[in-house]
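Taking it in order: structure first as structure tokens, then the write-up.
The values are calculated or read from the model by the stated rules, or taken from the named source; none is laboratory data. Since the structure is predicted, the reported quantities are computational estimates derived from the model, not experimental observations. No Cβ is skipped: glycine too gets one built from the backbone with ideal geometry, and neighbour counts run over all protein chains shown. These accessible areas exclude ligands, DNA and RNA; they are computed on the full protein's heavy atoms, side chains included. Shrake-Rupley method; radii C 1.70, N 1.55, O 1.52, S 1.80 Å.
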Amino acid sequence: MLTNIVMSDVVLSGIVVVGIVQMAWFSVMLLRRGAPAAVIQQSIPPFLAIWVLMWPVYVDLRWLGVGLLALLALTVLASLLKSPFWQHLRIAWDAQMPVAKEDMHPRITLLPQLHLLIAIFIAGAWFQAIPEFGFGLALSLCVAFPAAYWADRLSRRYGFLILKFPAHPEQTLAGHLVLMIACTTLLCWSLHVYHGTDWQLLFIATLIASTAASVARALVPGQWNGPAAMLCVGFVMWAL
């Protein structure tokens, strides 16, 4: 029986690694066909949501580290190797548009998607400690934050209620509303999955936690608002 349990985690981890490698390949192919790097980056978390949905299936939660190591290995290789594939992966996963018009070259950080790795690691740590919290946090990171990005993008196109926060002048009211609605729904669903609790009893607590995610997204500079939100929401859920 123990052998079967271990093998199930091994097989699941193998599927995850193959999926993450395919995600890297898709990213490069999309970049080579003209897709903006920002759009590719916002497509990564929803792809990882497929993996997050597998988290409750793991028997030994330490196997979650295999997926994290696969992501880390790809980012390190993209930073170190100079072949066209790895350089394109680095651009696809971390290139940022220049702020000044005279600066025509995109800015690339040392380790692509480091902020996302840290955010997933934080959600995974919460999952190890309190599965119902960590599961909802990881889903919020992979679904709610990209949804807020697309809501912001659509709202900016029509100049609709741009909030102009100092750290994130491009964020809009619609984006934050989408974030809070999605986070509240996903956190409620996670608690319902693990405990069968009535959604109405969870609404206030999860709404407060979602508000903390919105505040972190608005105030923490750059893409580090993702890890900050994972910390804030986790502690708010724990406190409530």
**Study point:** Sequence ranges 186-197, 202-213, ranked by mean other-Cβ count within 10 angstrom, highest first
**Key:** 202-213, 186-197
Review point. Accessible area per residue of the chain at 1.4 Å probe, in Å²?
Key: 51
Revision key, fill the gap. The simple spin-label model distance between W25 and L173, using points 7 Å out along Cα→Cβ, in nm, is 4.6
Review point. Taking the Cα centre of the range 114-240 as the origin, how large is its charge dipole in debye, to the nearest 20, when only Lys and Arg (+1) and Asp and Glu (-1) carry charge on their Cβ atoms?
Key: 400
Revision key, fill the gap. Whole-Hz Karplus couplings 3J(HN,Hα) for the range 112-120, θ = phi - 60° and coefficients 6.51, -1.76, 1.60, Gly and Pro as x, run x, 6, 4, 4, 5, 4, 5, 4, 5
Practice item. Please pull out the direction-averaged projected area of the range 3-100, using the convex hull of its alpha-carbon atoms, in nm² to one decimal place. Key: 7.2
Point to revise | Phi-based couplings in Hz for the range 225-240 (Karplus 6.51, -1.76, 1.60; Gly and Pro marked x) | key: 5, x, x, 4, 5, 4, 5, 5, 5, x, 5, 5, 4, 5, 5, 7
Review point. Any idea what % of Cα-Cα pairs in the range 102-240 are farther than 26 Å?
Key: 24
**Study point:** Ranking by accessible area, most exposed first, for W224, W51 with a 1.4 Å probe
**Key:** W224, W51
Study note, to complete from the structure: Counting only residues 5 or more apart in sequence or on a different chain, those whose built amide H sits under 5 Å from that of T172 are L163
Practice item. Using a Förster distance of 30 angstrom, determine the FRET efficiency expected from the C-beta separation of V76 and T197, and round it to 0.05. Key: 0.15
Review point. For the range 162-180 and the range 58-86, what is the separation of their Cα centres, given in Å?
Key: 31
Check your understanding: Do the sum for the chain: with -39,500 (n - 2.57) for every DSSP H run of n ≥ 4, divided by all residues, what is the mean residue ellipticity at 222 nm, to the nearest 500 deg cm²/dmol?
Key -> -24000 deg cm²/dmol
Practice item. Mind giving me the nanometre distance, one decimal, between the label points for L240 and V57, set 7 Å out from Cα along Cα→Cβ? Key: 3.0
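In whole percent, how big is the carbon plus sulfur part of the accessible area of the chain, probe 1.4 Å, protein atoms only?
74
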